[in-house]
Each structure stands twice: as structure tokens, then as C-alpha cells.
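J.: To start, I am sharing the structure in question, which I have written as C-alpha cells.
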Amino acid sequence: EALRHNVENAERMLADSAITECLEARRRAVALLNWHIEPEDAKDANQKTIAAELTKICSRIPWFMQMRDSLLQAVWYGRYGVAIRNASVEVGSKRRILPASWEPRHGDKLVFRYDDGSGKYEAGQVGIRISVAGTYQGNMLESLRDRKLIEYTGHGMVRWFDHNERRLLLVHKHMREDGPFHDVLSAGRIHGVGVRSKIYWTWYQMVEVIQRVLQFLDRAAFGVELWRYPANNPKAKEKTETAAKNAQSGGRSVVLVPVEPGENADLYGVEHVEPGLAGVDRLLTVVKEFFMHKIKRYVLGQTLTSEADATGMGSGVADAHMATFFDIVQYDAIGLEETLTTDLLRNLQLWNMPDTMRHYMRFKIDTKAPDVKDKLSGLKAAWDMGASLKATDLYDLLGLSMPSK
């Protein structure tokens, strides 16, 4: 919605610090969560070994937390990418292939191929928009190959990625939905729709209200001066206008008022009219409590994480707000798990342990921390009643590793 209506407005939305604050809080809540690699069969010792090795490999990715945070930019744009560059790195006592560096790719640059079912194109092919002024530096064969992957599209020039290049690009999509039948330009929603599209018109209305408030303050905040002069008297009008300019009214608006001559007419004089600012306060209240709260509630699910408000002792309102926020965090985390599992973890497994391809690992983000205290109390009660417990279960519950001896 934002890009289709006004590209400049779409870029200016992030200049609003209130929106940026909410987005960063939402991304940080997910990016700072712990993670682990989960085998398909948790009882299979071989799969547990594979998961442990992949955990070591992922832990060596530089700025891995920021990589996850970059992918979460899809929450705003609808889709976002990270381009990785692999290198052979020694992990433990083995050489492993892993991303030695990475760079973010703006979501508005990514383009997705329309799959017409003909088989002529690779299904789900991803491309990136490039400038018509760009030149390719390389040998002739590489140049010819590269030119075949560059096409003119409705988005301008696009460089499509082949199968091998696509494995070096992580693409995260936020919410996938289909566009309405009568709006063919919205077909791309199947590749991700972000918060920007959902809140654009609410933000646009808010900006219009703020513009009118500032316009009123600019014209009448310091009051209005009425300068009277005799009507139908050009010389008097000219002298009155000159006097008003020389008076330097300190930001007040000046209005020249022609007065018809009469017995009680006050032909000359200056009158200062104070503005009524009660309407301005009401408009600012509408901006804050209507428009901005609507935006914050959509982005964060509530407003208590970004501003203080009375909730009432024992009302449970704060807990309800936090529960809503945690639902959003869990939604974003599960979506990021899917992307990292398919676009990163699976490739790391195939690059480093191709003989294990029949086993599927899953990248998991710890959105629900176990209630260790309650579980330990239950285990103690079971122990007191004569139940047998595994030491490994206790160490896993506490987040500790088993001692070597």
C-alpha cells in the first residue's frame, strides 16, 4: 500500500521515531532469545550428534544475532534478505563450510518470479533489482552467463539468482496472503506483506492531522493583528502595510482590514486577537490516543511496553498486555525458525555432512522458558516417593552439561 501510493512516504514512515521504537522493540525481543538445534528424533544418538555439530557451526557465524535481527526487518517490509559468503573455517578439529561474512538485502529490492506452470522458469526464483547504469566486470563467458540472468520486468532491471546462488541468499517473509481478484497489482502479497502496508493509511491520516495543527500554529499561535485603514484609499493601505511590516510583530499574523468611513468608524488602529488553543490540544490528543495508539497496538499488541499508563492494582491488565506481546514475539520467532531451518541450517548440513541428508534438523528459538522451580519441586516430590530420576534430565532442565567424570 505504501509503495503503490507514494514511495517517498513509504521511506519517511521509518523517520517517525515512535514507529521505529516499536519495531526495534519487537525485533529485539526475538533476536535476543536463545536458540538450539533440534533433531527430528530426540532419542537417536546419531541425530543428537549431528545437532550438536550444527550448533557449533552456527555459533561460529559472525554477528549471528544481528543476522537474525536483519531477517526480522521483514516484519516491516514484508520480506527481507541476507546474502552470505562462505569460507572454510576450522571448528573444533574439523574444517567446516560456514558463512564467514554476510550482508543485508533490502526487502524492496527483492523480486519474485511469477510461476506460470510452464516449467520454463525455476519455481520460486528470486531476483534483485539493479540499476540500468550498472556494468558487469568479469571475463567474457561470465559476462554472457550473467546477462542471461538479467531481464527487464515491471520492477525495472532484475538480476535473477540461479539455484546455487539462491542457496547463498536467506529470504525471510512475514505474512503471506493472496490479493483480491479485482486488484492484479497486489498479486505479490503471496511473497510477504509487512506492517508497513497494514498501518500506512492510519499513519497517513495522522500526518494530515499533524500538518493541519502545525499550519494553524504557524499562522495563529502568537495571535493575529488587525490593522485598520480607510477603505478605497490606496495610499492609506500602502502606508498601513509598510507600518505593519516595520512593526515586526514577533511571529504574529497580520491582516489588513479596510474600514468604511462613517460617524463612529475607527479608521486607523491595531487590534491584537488572541487565538483559542483548546482545539489544538484536542487535535494533539486525537493524534496520540487515537492514531498513535492504533499503530502501537497493531505493531506491539498493546501500549504498556512503550509508555506508562494506569492499570489499576490487581486488575491484571498489565499481564494481559504482556501476554499479547509475547504472542506476537512467538509468532515472529516461529516464522524466523522456518526461514533459518530451510535457507540456512539445511544447507549447512548438506555442505558439511552430506551423508546425513536423510536426517532433518530444525532451528528452534526458545520462546517458552521452562518453569525450573516448579519442575524441580515436582521432581523432588517424586524422588521422595521413591521414583528413579535420570541425571541427564536434571542437567538438561537446569541448562547445564554433564560432567566428564
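The values are calculated or read from the model by the stated rules, or taken from the named source; none is laboratory data. As the structure is a computational prediction, the values presented were derived from the model and not from experiment. Heads up, the Cβs are rebuilt from the backbone with ideal geometry, glycines too, and the neighbour counts pull from every protein chain shown. The accessibility values were calculated without ligands, DNA or RNA, using every heavy atom of the protein model including side chains. Shrake-Rupley method; radii C 1.70, N 1.55, O 1.52, S 1.80 Å.
J.: If you roll a 1.4 Å probe over region 1-158 with all protein chains in place, what percent of the accessible area is carbon or sulfur?
T.: 50
J.: Still on this structure: Mind checking the per residue accessible area of region 1-135 for me, 1.4 Å probe, whole number of Å²?
T.: I get 54 Å² per residue for region 1-135.
J.: Defining a contact as two alpha carbons under 8 Å apart and six or more residues distant in sequence, what relative contact order in percent does region 147-273 show?
T.: The value is 19 percent.
J.: Semi-axes of region 74-130's equivalent ellipsoid from the Cα gyration tensor, sqrt of 5 times each eigenvalue, largest first, rounded to whole Å?
T.: Rounded to whole Å, the semi-axes are 30, 17, 9.
J.: Here's something else I'd like to know. Length gain on complete extension for the stretch Val254 to Phe326, per 0.36 nm per residue less the alpha carbon to alpha carbon distance?
T.: That works out to 20.4 nm of additional length.
J.: When a/c is below 1.5 the answer is rounded, else prolate if a/b is larger than b/c, else oblate, so apply that to region 1-42 with a ≥ b ≥ c taken from the square roots of the Cα gyration tensor eigenvalues.
T.: Taking the square roots of the gyration eigenvalues as a ≥ b ≥ c, region 1-42 is oblate.
J.: Continuing with the same structure: From the square roots a ≥ b ≥ c of the eigenvalues of the alpha-carbon gyration tensor of region 1-145, which class results: rounded (a/c under 1.5), prolate (a/b over b/c), or oblate?
T.: Note, shape of region 1-145 comes out oblate.
J.: Among Val30, Met65, Asn6, whose Cα lies farthest out toward the positive end of the dipole of region 1-65, if unit charges sit on the beta carbon of Lys, Arg (+1) and Asp, Glu (-1)?
T.: The one lying farthest along the dipole's positive direction is Met65.
J.: Starting from the Cα of Leu149, step 7 Å toward the Cβ, then list every residue of region 161-204 with an amide N under 11 Å from that point.
T.: Only 161-169 fall inside the zone, counting backbone N under 11 Å.
J.: How much length is gained if the chain between Asn6 and Tyr268 is pulled fully straight, taking 0.36 nm per residue apart and subtracting their Cα-Cα distance, in nm to one decimal?
T.: 89.3 nm
J.: Tell me, what is the 1.4 Å probe accessible area of His5, in Å² to the nearest 10?
T.: My reading of the accessible area for His5 is about 80 Å².
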